[in-house]
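Engineer: Shown below is the structure under consideration.
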Amino acid sequence: MNQYEVSAEIADEIPEIQKEIVREPVFGSVYMSIKVLTTYTGKMLHEHQLRQVERCMKLADKIYNKGNKLVKTAVENVFVYSFSNLQGSCTRREWQEIQTKMPVMLFSLYIQQIMKPGI
């Protein structure tokens, strides 16, 4: 999956953010597309819409697993990197629930990030 396919995949899977995804300069920019998905995920978490958060995480996992190197890097550096901030947007119980439903690959990437020195 390349950067153009990422934009299309997000727009197809989450119609609520389709307008934002297809807007220039977002469309075709994998980092901006992932940022839109990340912002939406945070909004859903802030509103305690845990099913939507899970849906976003599954989509990010799918994009990561099918993505080329650029796509994988964007998911790691934008979406996964945001988890620490997302954690502050919910209760401890909600974060534990999210972690149990978080795709294994994303959870593994998150653990690797927080275990790195200097982060």
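Engineer: Which pairs do you get when a residue that is without any contact (Cβ under 8 Å) to a residue 40 or more places away in the chain, found in the stretch 87-115, comes within reach of a residue that is surrounded by fewer than 15 Cβ atoms within 10 Å (Cβ to Cβ), reach meaning Cβ atoms under 8 angstrom, with the pair 6+ apart or on two chains?
Structural biologist: So the pair list comes out as Phe107/Gln99; Gln113/Ile119; Ile114/Ser84.
Engineer: Give the number of residues within the stretch 10-19 that are within 14 Å of Met57 (Cβ to Cβ) and in a helix (DSSP H, G or I).
Structural biologist: So the count comes out to 2.
Engineer: Same structure again: For Lys58, indicate whether it is of a type in the set (Lys, Arg) and without any contact (Cβ under 8 Å) to a residue 40 or more places away in the chain.
Structural biologist: Considered against the rule, which asks whether it is of a type in the set (Lys, Arg) and without any contact (Cβ under 8 Å) to a residue 40 or more places away in the chain, Lys58 comes out as no.
Here is a yes/no grid of residues against (1) closer than 25 Å to Arg23 by Cα; (2) modelled with pLDDT of 95 or more; (3) within 11 Å of the chain's Cα centre (by Cα); (4) among the aromatic types (Phe, Trp, Tyr):
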position	(1), (2), (3), (4)
Leu37	yes, yes, yes, no
Phe79	yes, yes, yes, yes
Glu97	no, no, no, no
Ile111	no, no, no, no
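Engineer: Which of the residues spanning the stretch 70-86 are within 17 Å of Leu45 (Cβ to Cβ) and free of Cβ contacts under 8 Å to residues at least 40 places away in the same chain?
Structural biologist: Once the filter is applied, which keeps residues that are within 17 Å of Leu45 (Cβ to Cβ) and free of Cβ contacts under 8 Å to residues at least 40 places away in the same chain, the stretch 70-86 yields Val80, Tyr81, Phe83, Ser84.
Engineer: Now a separate question. When you look at Ile17, is it more than 17 Å from Lys101 (Cβ to Cβ), without any contact (Cβ under 8 Å) to a residue 24 or more places away in the chain and surrounded by 19 or more Cβ atoms within 10 Å (Cβ to Cβ), yes or no?
Structural biologist: Considered against the rule, which asks whether it is more than 17 Å from Lys101 (Cβ to Cβ), without any contact (Cβ under 8 Å) to a residue 24 or more places away in the chain and surrounded by 19 or more Cβ atoms within 10 Å (Cβ to Cβ), Ile17 comes out as yes.
The values are calculated or read from the model by the stated rules, or taken from the named source; none is laboratory data. Please read these numbers as outputs of a predicted model, since none were measured by experiment. Please note: Cβ atoms are built from the backbone with ideal geometry, for glycine as well, and neighbour counts cover all protein chains shown.
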